[in-house]
Amino acid sequence: MPLPTLETPKYTLTLPSTKQKIEYRPFLVKEEKVLMIAQQSDDSNTMFRAMIDIVDACTFNKLLVDKLSNVDLEYIFLKLRAKSVGETVELNMICDECKHENPISINIDDIKVKYSRKKVEPTIQLTDDVGVVCTYPTVKSVMRVKKDDPTEIISCAIESIFDKENTYNLEEESPEEINKFIETLNFQQLKKIQDFVDTAPKIQHTVKFQCSKCNSENSKLVQGAENFFV
């Protein structure tokens, strides 16, 4: 005899980058297990992959998750966590003065998307003849980045390269050709692209607390949804 099916509530949110409204559900026991395994691995790539899989499942597989911007992925995950585990998260913050660990409670609803006040146009002219069109890195591009390789981070932000005659879509180019182009940039050209990357929206929250041991005042910037994995 089949067992009864439990109803799962549905919620809606608005993506910070595109303003698209999407439906989502809290994660279930099976997704909770994925989170626990990823957390125990203490590996950032494993945790990021788990975040992608859970967001995909909890948005009913209706999103092209790989094409989401990184901030949209993190924003969805935080909303999922708030509805699934609870709206508060406990973090241990180390005092700058005495290095004592302080348990701090953060309300997830207080965590906001921070937008840059600086405006950088996505179309960047590098020389009289050659330029690039930039976009904020997507989940797919971030997955392939080696964190110790700044050129790969820059390559994730370039959507296409153009000259007087042609436009070259980088999705159709090999990693070797892309890296070869990146390595020909000079410092000023690289900085123009980096300035655009730096304007990408970010999940950030400033935590201010008084150390319970030495009473010194602390201010810590917490950035990225992986800090709220617990």
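A few points about this structure:
- Filter result for Pro103 (exposed (fewer than 15 other Cβ atoms within 10 Å of the Cβ), of a type outside the set (Phe, Trp, Tyr) and not assigned by TED's automatic domain parsing to the domain that holds Cys214): no
- Residues in segment 117-146 that are surrounded by 14 or more Cβ atoms within 10 Å (Cβ to Cβ), β-branched (Val, Ile, Thr) and either in contact with a helix residue (DSSP H, G or I) (Cβ under 8 Å, 6 or more places away or on another chain) or under 20 Å from Thr184 (Cβ atoms) (or both): Val120, Ile124, Val130, Val132, Val133, Thr138, Val139, Val142, Val145.
- Search result, residues across segment 106-116 that are surrounded by fewer than 16 Cβ atoms within 10 Å (Cβ to Cβ) and not in a strand (DSSP E or B): Asp109, Asp110, Tyr115, Ser116
- The set of residues from segment 50-70 being under 21 Å from Ala157 (Cα atoms) and surrounded by fewer than 15 Cβ atoms within 10 Å (Cβ to Cβ) comprises Leu64, Asp66, Lys67.
- Search result, residues across segment 191-218 that are of a type in the set (A, V, I, L, M, F, W, C), in a helix (DSSP H, G or I) and surrounded by fewer than 16 Cβ atoms within 10 Å (Cβ to Cβ): none
- Members of segment 53-78 found to be under 20 Å from Thr8 (Cα atoms) and of a type in the set (Val, Ile, Thr), listed by number: Ile54, Val55, Thr59, Ile76
The values are calculated or read from the model by the stated rules, or taken from the named source; none is laboratory data. Quick caveat: nothing in here was measured; it's all calculated off a predicted structure. Methodologically, a virtual Cβ is constructed for each residue, glycine included, from the backbone with ideal geometry; neighbour enumeration extends over all protein chains shown.
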